[in-house]
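The structure appears below as structure tokens.
We did not get these values from a lab; they are worked out from the coordinates using the rules stated. Values in this document were obtained by computation on a predicted structure and should not be read as measured data. Glycine also receives a Cβ, built like all others from the backbone with ideal geometry; neighbour counts cover every protein chain displayed.
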Amino acid sequence: MFAVLKTGGKQYKVQSGDTLRIEKLAADAGETVQFNDILMIGGDAPVVGAPFVAGAAVQAEVIDQIKGDKVIHFVKRRRKHSSKRTKGHRQQLTLVRVTDILSSGGDTSGVKAAVGAGSVTSAAEAPAAAPKKAAKAKAEAPKAAAKAEAPAGADDLKKLSGVGPALEKKLHEAGVTSFAQIAAWTADDVAAMDEKLSFKGRIEREGWIAQAQELAKG
């Protein structure tokens, strides 16, 4: 009897006694693991899954955690400023020996399921990451509220030509909150504000004082 199992995104046709090199599993040498994603059971009465065969399983003993052959990745860019880059990589693998093929009863065998090491890491990191995200969101909430909240009774200074949310915030921080204040600015006030907020002549160029006088009338 043989089985076709799926693990690590690949399919393997196996028989009892076969030795496989598969994507790294979260298991130690000597442990017995069970593959539950069985696509087909072959033999006298073949069974094809849809996509998996219900109750079927393949059990295997973990022999060792190993590394695959070194793969060299070489990149060369033929340009005026040419560059070369060489990288070596060895895939982490698990060596297992198939011990048993179950056409049924795999879901009640009690043997540890074969789980990829990456899946276990992700699951372990998720609970730890959640409190960090919550704490970060909690810390940023007052900043966001302060940023969005305008002084009580302030006019909508964004109605002035060239004034957006960022510039309006600068004006609020400088104590300018109403059209009446801007309408009453003198030449000295304009020069002082221009220098203080680095407006570079924007007040006169955009005609804020005339606009503020009209807007202040309501």
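Shown here are the Rg and Dmax of the Cα trace of segment 157-216, at 10.1, 26 Å. Descending by average beta-carbon neighbour count within 10 Å, the peptides 67-79, 15-27 line up as 15-27, 67-79, the highest first. Residue exposure proxy: Glu168, Glu195, ordered by other Cβ atoms within 10 angstrom of their Cβ from fewest to most, comes out as Glu195, Glu168.
Per-residue ellipticity at 222 nm, computed for the chain from helices alone with -39500 (n - 2.57) per DSSP H run of at least four residues, works out to -10000 deg cm²/dmol.
Return a whole-number percent for the relative contact order of the chain, with Cα pairs under 8 Å and 6 or more residues apart as the contact set.
So the answer I get is 17 percent.
Residue order for Leu102, Leu197, Leu39, fewest other beta carbons within 10 angstrom first, comes to Leu197, Leu39, Leu102.
Contact order for segment 1-57, expressed relative to its length and based on alpha carbon pairs under 8 Å spaced 6+ residues apart, stands at 36 percent. Over the C-alpha atoms of the chain, the Rg to Rh ratio, Rh being the Kirkwood estimate, stands at 1.42.
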